[in-house]
Amino acid sequence: MPPGRGFATPFLDAWTAVPCPNDPREPEGPGAWTAGERRWQLVAVDDFWAWPRPDAPWIAGGGPEPGTGSVARCLAAAPGGAAFFLGGRMTHVGVHDRAALELLADWLDLDAQLVREAVQLCSDGGYLRRRTSAGRALQVPQGVLYTLHARALERVLRCAPISSAAHGGVPGRSIVSHAATHLPHARGLLKMDLAQAYTNLPLEVVSRSLRRCLRPICREMLVDAPTRKRLALLLGRLLTVDGHLPTGGPCSAALLNLACADFDRALERIVAQRLGKDGRYSRYLDDLVVSTRGFDLPRSLIEAIENAVYGFDLGKPNPAKTRFLPSAWGTDREITGIVHDGLGFALSGPRLEKLTARLDAARSGKGNPRAIARGVLNFLGLVYGVDRLPASLAADARALLRGRP
């Protein structure tokens, strides 16, 4: 990204202000500055990382960002209207971008004014920021922004084709279906992890994935390619925070699956070429698993998968979580906390200990005890089935659900 552009957000076919404090040229057109004012150039952005054009008009402002009045004067010279952002907040929507906004509102069956309010909130004040007990940062959309996220998930992202290898955030698939792809017959296992998958997935990758997702419906509704590009950028901007996926957003898992669709297909080809019909690949959000049923895994698979991660702009692998088990047996054959005990799927020892600790914390007044107990029982039922629940843990959860400590 060019230097000096950190404060403003390139958006759609927009104009954005770029600080030029050391530029000796005199300004042309509206927005002359006086001594001591910081100078800004109003720049036409046709693509995400376009460099400023030398013939763009200038604006001035005495503060850290140009003032709204200066922006308004300069926008009068901006052809065709523009979406203009100061510090992440939209101050103006021009005619072209207004069309994309109204089209999005129509698709989501929302009032256009509500979408405008969501745009105002998407970078400033629209997220509840907190940390989990394990110290993980969460950004959870609030109010109208949450309404828009939920509607986008239902109306747009749920309609997108999903890779057969994806199991997280997909209706009808789960952590158990992810493990069942490999267990109980896996002889060799390779487990890898995408490091901070949500925060390392940049906005441009999300927007590019959305453009591909929106192509069929845009073609059906006779929406041209430039409008589809603006629409994808608008939706990507609304569904991300600070330039990445929010870790507590309802759409984040679906957007990660959308961005990983080509990556999943590439890994399926790699596994088929190197392991043949005995090879298996699946992904649960950021957890990648490759297994073979017939012979030992080659270590060269690690490098092939790492190259694919870098090649598809998915951040980087987390080497601390890589597990290469060429001949995995017994307790080694654990996938995202799931094992196979000979009778069926079960939770690993560490996962059972975490559930027990969660129930103990609920008894001491942390969180909503009944909601926690209900969640534990539902999760046990998903893994074990109703006939094989761990007796002691299930009894503790039922007692807490009935209000008995």
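The values are calculated or read from the model by the stated rules, or taken from the named source; none is laboratory data. No experiment lies behind these values; they were computed from the predicted model shown. Here the Cβ positions follow ideal geometry from the backbone for every residue, glycine too, while neighbour counts run over all protein chains shown. Accessible surface areas use protein heavy atoms only, side chains included; no ligands, DNA or RNA. Shrake-Rupley method; radii C 1.70, N 1.55, O 1.52, S 1.80 Å.
Tell me which GluC sites (Glu not before Pro) from the range 113-217 have a DSSP coil assignment and no more than 11 other beta carbons within 10 Å of their own. All intermediate terms of the calculation are to be shown ahead of the outcome.
Numbers: sites: Glu117, Glu154, Glu204; in loops: none.
Answer by residue number: there is no such site.
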**Message:** I'd like the Karplus ³J(HN,Hα) series for the range 285-300: coefficients 6.51, -1.76, 1.60, θ = phi - 60°, whole numbers in Hz, and an x wherever there's a Gly or Pro.
**Reply:** 6, 9, 9, 10, 9, 10, 9, 9, 9, x, 8, 5, 6, x, 5, 4
**Residues of the range 291-403: accessible area per residue with a 1.4 Å probe, Å²** = 56 Å²
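Treat every Asp and Glu Cβ in the range 248-405 as -1 and every Lys and Arg Cβ as +1, leave all other atoms uncharged, and give the resulting dipole magnitude about the Cα centre to the nearest 20 debye.
660 debye
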**Request:** Note down the nm distance, to one decimal, between modelled labels 7 Å out along Cα→Cβ at Ala195 and at Arg388.
**Result:** 3.7 nm
**Request:** Only loop residues by DSSP count here, and only those with at most 15 other Cβ atoms within 10 Å; note down the trypsin sites (Lys or Arg not before Pro) in the range 218-317 that meet that.
**Result:** Arg293, Arg299
**Item:** Where trypsin sites (Lys or Arg not before Pro) fall in DSSP loop in the range 105-197, at most 14 other Cβ within 10 Å
**Value:** Arg136
**Message:** Quick check for you: which residues of the range 176-212 have the amide N under 19 Å from the point 7 Å beyond the Cα of Phe295 toward its beta carbon?
**Reply:** 186-190
**Complete:** If each part is reduced to its alpha-carbon centroid, the range 372-404 and the range 113-158 end up apart, in Å, by 31 Å
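Just to confirm, what accessible area per residue do you get for the range 123-238 at 1.4 Å probe, in whole Å²?
Numbers: 5170 Å² over 116 residues.
On a per-residue basis, the range 123-238 sits at 45 Å².
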**Request:** Excluding residues fewer than 8 places away in the same chain, name every one of the lysines whose C-alpha is closer than 29 Å to that of Lys316.
**Result:** Lys191, Lys229, Lys277, Lys354
